[in-house]
1. Filter the stretch A:119-154 for residues that are more than 9 Å from every other protein chain (Cβ to nearest Cβ) and among the acidic types (Asp, Glu); which is farthest from B:Lys63 (Cα to Cα)?
2. Test A:Asp227 against the criterion of being on the phi < 0 side of the Ramachandran plot and at pLDDT 85 or above, and give yes or no.
3. Filter the stretch A:216-259 down to the residues that are away from every other protein chain (no Cβ under 11 Å), in contact with a Ser or Thr (Cβ under 8 Å, 6 or more places away or on another chain) and of a type in the set (A, V, I, L, M, F, W, C), then identify the one that is nearest to A:Gly189 (Cα to Cα).
4. Condition check: among the hydrophobic types (A, V, I, L, M, F, W, C) and touching a residue at least 40 places away in the same chain (Cβ under 8 Å). Does A:Leu317 satisfy that?
5. Taking the stretch A:229-270, which residues are within 18 Å of the chain's Cα centre (by Cα), buried (at least 24 other Cβ atoms within 10 Å of the Cβ), over 14 Å from A:Ala199 (Cβ atoms) and of a type in the set (Phe, Trp, Tyr)?
6. Name the pairs whose Cβ atoms lie under 9 Å apart, with the first residue in the stretch A:129-141 and under 11 Å from B:Ala152 (Cα atoms), the second at pLDDT 95 or above and basic (Lys, Arg), and 6 or more positions between them or separate chains?
7. If I filter the stretch A:179-205 down to residues being crowded, with 24+ Cβ neighbours inside 10 Å and over 24 Å from the mean Cα position of the chain (by Cα), which single residue comes out as farthest from the other protein chains (Cβ to nearest Cβ)?
8. Can you pull out the residues in the stretch B:114-141 that are surrounded by fewer than 18 Cβ atoms within 10 Å (Cβ to Cβ) and either of a type in the set (Lys, Arg) or within 7 Å of another protein chain (Cβ to nearest Cβ) (or both)?
Amino acid sequence: MKTKFIILCFLSVLFWAIPSHSFNFGNILKEVEKSTRPPEKTQPSKEKTKPTQSPAQSSEQNSGQDGGLISLGDSLGLFDKKTSKFLKQSVNTLKSLQPIAYEEEKAIGGRLAVEVFNRYGGAYNDPELLNYINLVGQSVADVSSRSDINYHFAILNTEFPNAFATPGGYVFVSIGLIRMIENEAELAGVLAHEVAHIARKHALQTLQRSRSLQGVSSLTLTVMDKDPGLFDKLIDEVSNVLFTKGLDKNLEFEADKYGREFAYRTGYYPGALKRFIQKLGASKKNQGSIFSSTHPTSRERYNLLQKSSSRYKKASLYPTLGKRFKVAIKR
Amino acid sequence: MRLLIYSFIFLFFGFSFTSQVTAETWYVKKSATKLQAEAKARSKVLGKLNKGTPVDVLGKSGKFYKVSAAGETGWIFRFRLTKVAPSGSGGDGDVLGALGGQQQIAARESAYGSSIRGLSPVSEEHAIKKGASPASIESVKEMERYKVDDEALDKFLEEGRLGAYAD
């Protein structure tokens, strides 16, 4: 009887404790590595004069350290070569999943924002219109799932229909795209789509999954500052995704879904983004543009939004604010 | 004896369960969040709460949550609240719950979220090194300096019947 009682008490405590304590696999890995890594030698004078390592070199070194426990298993003959290689790769992959902190995200996003202005016509100069874009953008950002960071909105001086988001809160919309829009709800849908990319950290997710970053355990500003090659690599990688290849299709669909939700939460007609996507697909202006080459087809996007539109039952009651939009863009 | 044991287990589980279910403390997402007398955007403003202020959620009416905060009871527009403590992780834990999934982000985010301003020196140096035009760099700085005034935003929402003012 006593034993049963003790077991029951133990189980009760166990059940209580599990939900209140979460595990961080990354930290566990770090601890395991710490315990198996040989102590570092302190050579301050040498360190100061040491030339900057290339990312490839540092990556190699890291991968050597990463497999501390695995290397130990190796030397004890516990793993064959294939298993050992697989385990080392797994450790690196898990480590690359460590989230990038906001400060670093903003450094990456800020640099990419410079690139956006550099590549796409620079800033469009109309303070009143800019103020209006900021008001609409801020309204949707405030009800987004990541409203605790600062968002910045800008208009690009290009007639090509374009919109971009770079990590850390930078949102761009081209004057060409604004001219295709018919009401405020459509504008809110477009801006909310970009806010959703930032809120869901789509570019960062892509970066963290990148093969070229395998073996890089932490991306801090100190690390980036010490290794300019690493920052170069990061920027090249994200630039290639944002400006050439485009994000994964599913991330674009997700941004559509979340963007519509954020616009709806703000109080706009939730069908506006879908309508605009349809219009964009039919536009000749969009054909061959960077926007069309970096996004899934308008038909796919429209169909997916259409499939999930039953969620918004009283959609038609929500405003599109066409008049206010036309006044704002002086049409 | 058996009865005593069962009672103990029941109480233990009961206590653990209720303590999790009744935990209704939420947090204010943005500074200058209005605590209002009624569940209406145009009702009397009882006070303004700072970002991170914990509030006890007591009920719901439309787009507003009835809360108790700093010794006062009032109503707050629901998207101004988050389930996640500011010192924890970012994102609002999806108030509507339909889109699912909380993101794990670094704890530093909440602390720095609104305080990191200006183009990072790392970014600026890199942009200069790569030959980006000074105008492009200045445009990003300009973009960051631009701040939407809280009152202007509130007026904009009211005029468009948006946000807390939506019908």
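The values are calculated or read from the model by the stated rules, or taken from the named source; none is laboratory data. From a predicted model like this one, the values you see are computed outputs, not experimental measurements. Every residue, glycine among them, receives a Cβ derived from its backbone with ideal geometry; neighbour counts consider all protein chains shown.
1. If we take residues in the stretch A:119-154 being more than 9 Å from every other protein chain (Cβ to nearest Cβ) and among the acidic types (Asp, Glu), then A:Asp126 is farthest from B:Lys63 (Cα to Cα).
2. No.
3. Top of the filtered list is A:Leu251.
4. Taking the combined requirement at face value, the residue does not satisfy it.
5. Listed by number, the list holds a single entry, A:Phe231.
6. Matching pairs, first to second residue: A:Tyr132/A:Arg324.
7. Residue satisfying both the conditions and the ranking: A:Ala185.
8. B:Ser114, B:Arg117, B:Lys129, B:Lys130, B:Ser133, B:Ala135, B:Lys141
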